[in-house]
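For reference, the structure is listed below as structure tokens.
The values are calculated or read from the model by the stated rules, or taken from the named source; none is laboratory data. Because the structure is predicted, anything quoted here is derived from the model rather than measured. Cβ: placed from backbone, ideal geometry, glycine included. Neighbour counts: every protein chain shown. Calculation scope for accessible area: heavy atoms of the full protein, side chains included, ligands and nucleic acids excluded. Shrake-Rupley method; radii C 1.70, N 1.55, O 1.52, S 1.80 Å.
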Amino acid sequence: IYIDEMGGPGRFPPPERATFRGGRGRPMAYYRAQLDVRRPIDEVFAYLADFSNTHEWDAGIVSATKRGDGPVTMGTQFKVVSRFFGQELPLDYQIVQYDPPSRIVLEAENDNLRFVDTITFEKTARGTRLTYDANLALKGIRYAGDFALHLAFQWIGRRALDGLRTALNTRRAS
């Protein structure tokens with residue numbers, strides 16, 4: 001079930017699991033949601049591509065900053081500090097695919113976890129439909145905890161989606 005901002009719940013195919021660069025790791029925890037917003041596709045893409053905005057819509061993010069100067073584009077990096085199971089988790093995200101205004105893929109990795117966030121955008125008659133696929137893989141022996149992690153990730157994802165919906169619907173036009 002996905003959340004449709006314009007008219008309630010609907011159905012869409014099951015999520016595709018991300019492929020991590022170099023074939024390392026296998027995502028087990030994932031969250032997928034669709035959201036329709038009454039904003040132009042270019043504006044929605046620019047807002048989400050700038051991952052320093054995540055603290056505005058994801059309550060689990062303590063801080064998020066863009067590294068370096070210049071515009072957001074392929075290779076741009078972000079330092080994101082997340083609160084994960086009660087602990088602060090610093091992550092260095094990087095844009096690894098950048099195709100405005102239709103798709104962006106960001107990856108982050110540390111000693112224990114690997115994240116891939118894929119966001120796709122589609123122009124609609126009323127604005128923009130975005131699909132957010134978040135994949136998380138545990139590394140090494142921690143792999144045995146994937147099922148519990150998947151359940152927790154669903155809760156985290158729903159909370160972030162609620163924040164994103166609010167941020168996009170109350171944001172002033174750029």
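Between N110 and Q94, what length in nm is gained on full extension when 0.36 nm per residue of separation is reduced by their alpha carbon distance?
Extending this stretch completely gives an extra 4.5 nm.
Within 10 Å, Cβ to Cβ, of K79, how many net charges do the neighbouring residues add up to if Lys/Arg are +1 and Asp/Glu are -1?
+1
Evaluate the distance, in nm, between pseudo-label points positioned 7 Å from the Cα of K79 and of T166 along their respective Cα→Cβ axes.
It works out to 2.7 nm between the two label points.
Which ³J(HN,Hα) values, rounded to whole Hz and listed in residue order, are derived for the range 36-45 from phi using the Karplus coefficients 6.51, -1.76 and 1.60 in 6.51 cos²θ - 1.76 cosθ + 1.60 with θ = phi - 60°, glycine and proline given as x?
Result, ordered by residue: 9, 10, 8, 9, x, 4, 5, 5, 5, 4 Hz.
Using a 1.4 angstrom probe on the protein heavy atoms only, line up E109, E43 by accessible area, largest first.
Ranked from most to least accessible, the order is E109, E43.
Computed FRET efficiency, Cβ-Cβ of Q87 and T120, R0 41 Å: what is it to the nearest 0.05?
For R0 = 41 Å, the calculated efficiency reads 0.85.
So between R103 and T65, what do we pick up on full extension, going 0.36 nm a residue minus the alpha carbon distance?
11.6 nm
Keeping all protein chains in place, calculate the accessible area per residue for the range 62-145 (probe 1.4 angstrom), answer in Å².
Working: 4290 Å² over 84 residues.
So the range 62-145 comes to 51 Å² accessible per residue, rounded to a whole number.
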